[in-house]
Amino acid sequence: MEMMSCYDLHSHSTASDGTLTPTELVSRAVTAGVDVLALTDHDTLDGYAEAGRAAAAEDIRLLAGVEVSVVWKNMTIHVLGLNVDPESQILLGGLRGLLAFRDRRAEEIAHKLEKAGIPGALAGAAAYRRGRILSRTHFAHFLHEHGHAASLRDVFKRYLVKGKPGYVRGQWAPMNEALGWIIEAGGLPVIAHPARYGLTRTKLARLIAEFREAGGVGLEVVSGSHSRDETLHMAALSREHKLFASAGSDYHGPEKPWVNLGRLRPLPNGCTPIWEADGWPHVA
Ligand code: AMP
Ligand code: MN
Ligand code: MN
Ligand code: MN
């Protein structure tokens, strides 16, 4: 019988808010037994060239991917673009706009924190970044280091989410526009960790319907951040709405040992894996 390949289609490197360099990430994926890895940094493809060089020397297939921050009905949603052309000027151009927003947002976050009595957050957060992207994760590290909360989770809850002193509303790309960039780059659009947005069933169904109308094809059914029940619920939605099912750890680095590369639940029965979609690269 043919061996099942191990897929991990959602991971981060130092190009966004992960803590391993692209080279270290690939090496760790190889050790973990991953056969097909997608690098999906937030709003950037900067890590792909280095990851590609690392993967070329190893027995692993690396796909170019990106986790695009989008706005849908005033909410931030994450859409994965899997197997994109990393040179697509349309996609790269779109992502540049998101980087520009990230820079403006970082200044605004720092300004708000200063008004709340915490100076120096912009430089403080920037000291944690290792790539071009400034993420709330970098602010969280700064705030944590300076004793403003006991854990990173706590920092988010107390400072960086809606209603808290360092919150700035995400002015990301409209969902349809972001899907256009991904499709133009030959990639497959997938809703990342769909159970994490706190949406009611009705709203989630609405999101999925609009996502499909805009050319979306996949739902991340298995995720490092989904419980078993959430996985089964998302599997049912993927079947009902005829979306391919994707699987990814959302690995950010060894500091979160409860999420590991390639250590994922199997896709529940009846799901059609995204690696069986038209346009999925042939993996020897
Ligand atoms: P950003 O895209 O810059 O707004 O940052 C979002 C990132 O922050 C996510 O990709 C997560 O990695 C991280 N994050 C969001 N919420 C939390 C939380 N409650 N605890 C820890 N990390 C979080
Ligand atoms: Mn992240
Ligand atoms: Mn995400
Ligand atoms: Mn992610």
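Worth a mention:
- The chain, accessible surface, carbon-and-sulfur percent (1.4 angstrom probe): 50
- Convex hull (Cα only) mean projected area of the range 105-160, reported in nm² to one decimal: 3.4
- Debye log10 I(q)/I(0) at q = 0.11, 0.14 Å⁻¹ for the chain, Cα point scatterers: -0.61, -1.01
- Cβ-based charge dipole, the chain, positive-most Cα from 34, 86, 15: 15
- Of all beta bridges that DSSP places with both ends in the chain, some 40 percent have antiparallel geometry.
- For residue 246, the shell of other residues with beta-carbons less than 13 Å away shows a net charge of -4, using +1 for Lys and Arg and -1 for Asp and Glu.
- Of the DSSP H helices in the chain, those whose Cα atoms cover at least 27 Å axially and whose Kyte score averages -1.0 or more: 89-115
- Gaussian network model of the chain, Cα within-10 Å springs - most flexible of 267, 99, 199: 199
- Magnitude of the charge dipole for the chain, about its Cα centre and with charges confined to Cβ atoms of Lys, Arg (+1) and Asp, Glu (-1), is about 1300 debye.
- Nearby lysines by direct alpha-carbon distance to residue 203 (threshold 18 angstrom, same-chain neighbours under 8 apart not counted): 73, 242
The values are calculated or read from the model by the stated rules, or taken from the named source; none is laboratory data. Since this is a predicted model, take the numbers as computed values, not measurements. Every residue, glycine among them, receives a Cβ derived from its backbone with ideal geometry; neighbour counts consider all protein chains shown. To get the accessible areas, we keep the full protein, side chains included, count just its heavy atoms, and leave off ligands, DNA and RNA. Shrake-Rupley method; radii C 1.70, N 1.55, O 1.52, S 1.80 Å.
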